[in-house]
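Derivation of every value follows stated rules applied to the coordinates shown; laboratory data play no part. Predicted, not measured: the structure shown is a model, and the values here were computed from it. We place every Cβ from the backbone using ideal geometry, glycine too, and count neighbours over all the protein chains shown.
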Amino acid sequence: MERAKKVIEIESLTENLLKSCKNSTMLRLKVLYFASVYENLSVSMIIEKLGLKKSNFALLTAELEKEGLIQIKQAEIDRRCRTISLTEKGKAELASFEEALEKQLGATSVEVDKALDTLMNFLNKIV
């Protein structure tokens with residue numbers, strides 16, 4: 001039970017940290033991040049990674065596409081699938097957020113960086 005409490009606390013603290021870096025919604029930033037990291041994944045796979053409903057994702061991506069932050073297109077290999085990629089404007093917004101977050105985090109020790117890597121690897125294995 002103690003680990004569950006720690007995970008909840010970490011999630012809450014992380015969300016608050018991310019909110020303090022840029023006046024933007026977490027979901028918006030997550031979509032930009034996943035579109036950047038998983039550019040060749042289908043829209044449905046990104047939806048699964050984010051744990052969203054298709055309708056919510058469709059509304060958000062339509063807004064991001066209208067703002068010129070992402071581009072949605074048919075996959076080259078399988079025309080039934082759609083992929084998302086960041087535009088230059090989207091890359092700039094994501095980079096601006098990442099810079100703000102790095103500034104907020106400040107200098108960290110090697111131990112902190114290793115702990116973050118370990119936590120990320122652990123969570124990737126079980127999720």
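Observations
- Calculated FRET value between Glu2 and Phe122, using beta carbons and R₀ = 22 Å, to 0.05: 0.90
- Charge context of Leu59, other residues only, Cβ under 12 angstrom, K/R +1, D/E -1: +2
- The calculated FRET efficiency for the pair Ala115 and Lys89, based on their C-beta separation and a Förster distance of 25 Å, comes to about 0.15.
- The Rg/Rh ratio of the chain, with Rg taken over Cα atoms and Rh as the Kirkwood radius over Cα pairs, comes to 1.00.
- Ordering of 73-85, 99-111 by packing [mean C-beta count within 10 Å, highest first]: 73-85, 99-111
- Relative contact order for region 2-126, counting Cα pairs under 8 Å that sit 6 or more residues apart, in percent: 25
- Calculated mean residue ellipticity at 222 nm for the chain: -22500 deg cm²/dmol, from DSSP H runs with n ≥ 4 weighted as -39500 (n - 2.57), summed, divided by the residue count and rounded to 500.
- Restraint check, Lys19/Lys66; Lys89/Lys125; Lys30/Lys89, Cα-Cα greater than 26 Å: Lys89/Lys125
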